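Notes to accompany the following structure.
No value in this document is a laboratory result; all are computed from the given coordinates. Note that the structure is a prediction, hence the values are computed from the model and not measured. FYI the Cβ positions are ideal-geometry reconstructions off the backbone, even for glycines, and counts take in every protein chain you see.
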Amino acid sequence: MSRAAAVPPAGAIRILGLDVQVHAYADLNEAIGRIVRSRGHAVVPNVNVHFANLAYRRPWLRELYNSAPVNFCDGAGIQLAARILGGGIPQRITYADWFDSFAAYCERQAIRLFFLGGRPGIAALAAQRLVSRHPGLVIAGVQHGYFARDRHGAENAAVIAAINRCRPDVLLVAFGMPIQEEWLAQNWRDIDASVALTGGAILDYLSGVLRRPPAWLCRRGCEWLGRLLIEPRRLWKRYLIGNPLFLARVLRQRLGRRGPA
């Protein structure tokens, strides 16, 4: 039986073929720390509505998510789906809210980070601003995301070699979904780090070049609406089409209909 068709692991909630674990900030930080201390080698993915919609028709993406020893909920839509399906996820862990907590944990535990993604200069600026708040944090290296990501290309090989020279414990890849997941699926075996995180737009937020929606909107589970108002041309399809599609799929699952193909 395939993992997507199996019973979800204890403590996880099956949402459209994804086994979503339930975490709070502190235990997610510690779960990642355990992988680093044991010198493991794992991608730690996050799920939001956009990811769930992408994974619905991409078995490889579901496999990447479900095979990870640690994953987490990164969206109010996933929390809503869990409630519809009879479960509960008390805390959503968005990168913009969580990452300072994780940086403080890494500072205390001497965990080294590497930032990969964003336009030229963005990763360096994000690192600079984060270290200003956490002076003991070690950002072992940074690299922008504007390079040829061909699996067998010279530029891609040079980026991987640069990461490995820096010997980070945690690699933060911020290309956006599903490009970052696809890149990791192709290249993670060649990277000498314990944990890979898939951060989407986090470097833009950390650097300050992208503003976040108002806090009151985020607290009410409507961050998607604020992001839509900030970047309507880029995000209208993701939210105005993707959100209703996701809800319809969750309701079909609730009614016992066929899941992702």
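Details
- Gly242 vs. criteria farther than 28 Å from Pro69 by Cα and in contact (Cβ under 8 Å) with a residue 40 or more places away in the chain: no
- Matching residues in region 122-161 - criterion: being in a helix (DSSP H, G or I) and closer than 22 Å to Val209 by Cα: Ile122, Ala123, Ala124, Leu125, Ala126, Ala127, Gln128, Arg129, Leu130, Val131, Ser132, Arg133
- Extreme residue, nearest to Val209 (Cα to Cα), among residues of region 103-118 that are out of contact with any Leu (no Cβ under 7 Å at 6 or more places or on another chain) and free of Cβ contacts under 8 Å to residues at least 60 places away in the same chain: Ala104
- Counting only residues that are surrounded by 12 or more Cβ atoms within 10 Å (Cβ to Cβ) and either out of contact with any helix residue (DSSP H, G or I) (no Cβ under 9 Å at 6 or more places or on another chain) or not polar (S, T, N, Q) (or both), region 242-253 holds 8 of them.
- Some residue of region 203-217 being surrounded by 14 or more Cβ atoms within 10 Å (Cβ to Cβ), within 29 Å of Leu85 (Cα to Cα) and out of contact with any strand residue (DSSP E or B) (no Cβ under 7 Å at 6 or more places or on another chain): yes
- Against the numbered list (1) crowded, with 19+ Cβ neighbours inside 10 Å; (2) out of contact with any strand residue (DSSP E or B) (no Cβ under 6 Å at 6 or more places or on another chain); (3) farther than 30 Å from Ile241 by Cβ, Arg14 comes up short only at (3).
- Residue within region 224-241 that is buried (at least 20 other Cβ atoms within 10 Å of the Cβ) and of a type in the set (Ser, Thr, Tyr) present: no
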